[in-house]
Each structure stands twice: as structure tokens, then as C-alpha cells.
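Engineer: Take this structure first; my questions come after.
Coordinate-derived values only; no laboratory data. What you are looking at is a predicted structure, and each value in this text was computed from that prediction instead of being measured. Virtual Cβ from ideal backbone geometry, glycine too; neighbours counted across all protein chains shown.
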């Protein structure tokens with residue numbers, strides 16, 4: 001049963017079958033994936049999905065990230081997959097733009113008629 005934030009324990013997360021990212025260190029962008037994350041789009045938190053105009057309803061998380069500094073057994077934070085076409089692109093951050101850059105370039109090429 002998730003806690004009030006929607007986070008899971010290790011056993012609960014493993015039961016979902018979703019991919020899981022274990023960072024190398026606190027705040028690191030490097031680490032190891034267990035399972036396969038989605039190829040395209042971006043993984044976002046529930047709050048960030050809402051901020052970008054594509055809120056999470058009753059859907060299951062696509063992936064989880066291990067958060068070591070949490071002091072409870074609920075250490076697996078849920079992330080939700082979003083594709084570029086559902087995001088408010090004017091609100092994305094620089095890091096989100098970097099993750100989505102290939103898709104942004106392809107979308108602009110389609111608009112220009114080069115694809």
C-alpha cells in the first residue's frame with residue numbers, strides 16, 4: 001500500500017514490474033536501471049506532470065526511483081511517462097528540454113516540411 005505521497009516499499013515496487021532507477025549517489029543523474037524505461041518521452045513526477053499540463057489521474061507509475069535519504073521504508077518514488085505532444089513545451093526546463101531534444105528537433109522538422 002503506497003504512503004501518502006504514493007511512494008512504495010521495495011517489495012511493493014518489485015511487485016509492480018515497473019522499471020526502477022537506482023542513482024549512484026544522492027542527487028546523481030547517473031546510476032543503473034533495473035528493467036527498461038520507455039524509449040521516447042520523459043519520466044516526470046506527479047507534480048511536474050500537473051505543472052506541464054498533463055496531470056496524473058488513476059494511472060500506474062511507469063517507473064520508480066530509489067531515494068536513499070528517505071528515513072522510512074517507502075523509498076521508491078513514482079514517475080510517469082509523458083510524450084512531447086501532451087506537454088506544455090513553453091514550461092519545460094532546460095534539463096527537460098535536453099532529454100526531449102531529439103523529439104523537439106523531429107517535431108520542428110515536420111513543421112518545416114523537411115521530414
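Engineer: Please go through segment 1-39 and give me each residue that is over 20 Å from residue 99 (Cα atoms) and without any contact (Cβ under 8 Å) to a residue 12 or more places away in the chain, ordered by number.
Structural biologist: Residues satisfying the conditions are 1, 4, 11, 14, 15, 25.
Engineer: Scan segment 63-71 and give yes if some residue there is surrounded by 15 or more Cβ atoms within 10 Å (Cβ to Cβ) and over 16 Å from the mean Cα position of the chain (by Cα), otherwise no.
Structural biologist: No.
Engineer: Another one. State yes or no: is residue 99 assigned to a helix (DSSP H, G or I) and touching a residue at least 24 places away in the same chain (Cβ under 8 Å)?
Structural biologist: yes
Engineer: A further question follows. Select from segment 40-84 the residues that are out of contact with any strand residue (DSSP E or B) (no Cβ under 6 Å at 6 or more places or on another chain), farther than 22 Å from residue 17 by Cβ and without any contact (Cβ under 8 Å) to a residue 40 or more places away in the chain and list them in ascending order.
Structural biologist: 47, 48, 50, 53, 55, 71
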